[in-house]
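All remarks here apply to the structure that follows.
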Amino acid sequence: MSNSSKDPVSAHTTSASTPLRDPTTYITGHNTEDATAVYHSVKPADWQPIKDTNYFNVSFTTSSMPVSMDNDVDIKQHEQVMAAGTLGLVRPNGTVCRTVDFAPNGEALMHRTKSLDYGIVIEGEIELHLDSGEVRTLKRGDVAVQRATMHAWKNASPTEWARMVFVLQDSQPLKVGDKVLGEDLGHAKGVIPDSGNDK
């Protein structure tokens, strides 16, 4: 790659209707002449609605672990995944970095992914509901380590928006007792594409 920065990903077409600042993704790379670090691309958020009240933006995906970055193959794979429009919540054999904005009283359906996820609260407060009935409130800066569990998120504030950043990484099948736990999208099945990592 040359010294010049480029933006191979088209500009965002959807703006989240939230008072929160639009995030920008800065992707770095290397000058092929002397291997110095350069900015490969700068991408504005590309928001997609969830239930008309919540919004998500995918910053980056990878398609292998460990990831290969030779000749920017990881960036090319990410662009192909996003252009195909079939990305589920998890990328098989890879990772997904996703920002989710929750409207006041906004919630996500109870679901499970076959993945190990890090969820970081960036703005506001979010309730994490488990299918056991347990609930915890996560505040700004708190981190949830989600280990293939049935869960739902809820912004309990009637007035304030909340934002989380998630990094989801594909996992081996999880066996608990005699049960093998796979992806369960609940009522969102058929609305959200299957991740395709249960096969």
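Laid out as a table, the results:
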| read-out | value |
| --- | --- |
| Of LYS114/LYS189; LYS43/LYS76; LYS76/LYS139; LYS114/LYS179; LYS51/LYS175, those spanning more than 24 Å from alpha-carbon to alpha-carbon | LYS76/LYS139; LYS51/LYS175 |
| Degrees, to the nearest 10: 73-84 long Cα axis against longest axis of the chain | 60 |
| The chain - mean residue ellipticity at 222 nm from DSSP helices (-39,500 (n - 2.57) per run, n ≥ 4, rounded to 500) | -2000 deg cm²/dmol |
| Order by protection proxy (mean Cβ within 10 Å, highest first), peptides 75-88, 131-144 | 75-88, 131-144 |
| Of SER41, VAL67, ILE27, farthest towards positive along the dipole that unit charges on Lys, Arg, Asp, Glu beta carbons give the range 24-181 | VAL67 |
| Enclosed volume per residue, in Å³, of the convex hull spanned by Cα atoms of the range 24-181 | 127 |
| Packing rank of 63-73, 94-104, where each peptide gets the mean count of other beta carbons within 10 Å, highest leading | 94-104, 63-73 |
| Student exercise, the chain dipole from Lys, Arg, Asp, Glu Cβ charges, in Debye to nearest 20 | 320 |
| Sorted peptide list for 39-45, 161-167, 114-120, criterion being average Cβ within 10 angstrom, highest first | 161-167, 114-120, 39-45 |
| Among ALA188, ALA37, ALA108: highest mean-square fluctuation, GNM of the chain, C-alpha pairs under 10 Å | ALA37 |
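Quick note: the coordinates plus some simple rules give every number you see, no bench work behind them. All of these numbers come straight from a predicted model, not from anything done at the bench. We place every Cβ from the backbone using ideal geometry, glycine too, and count neighbours over all the protein chains shown.
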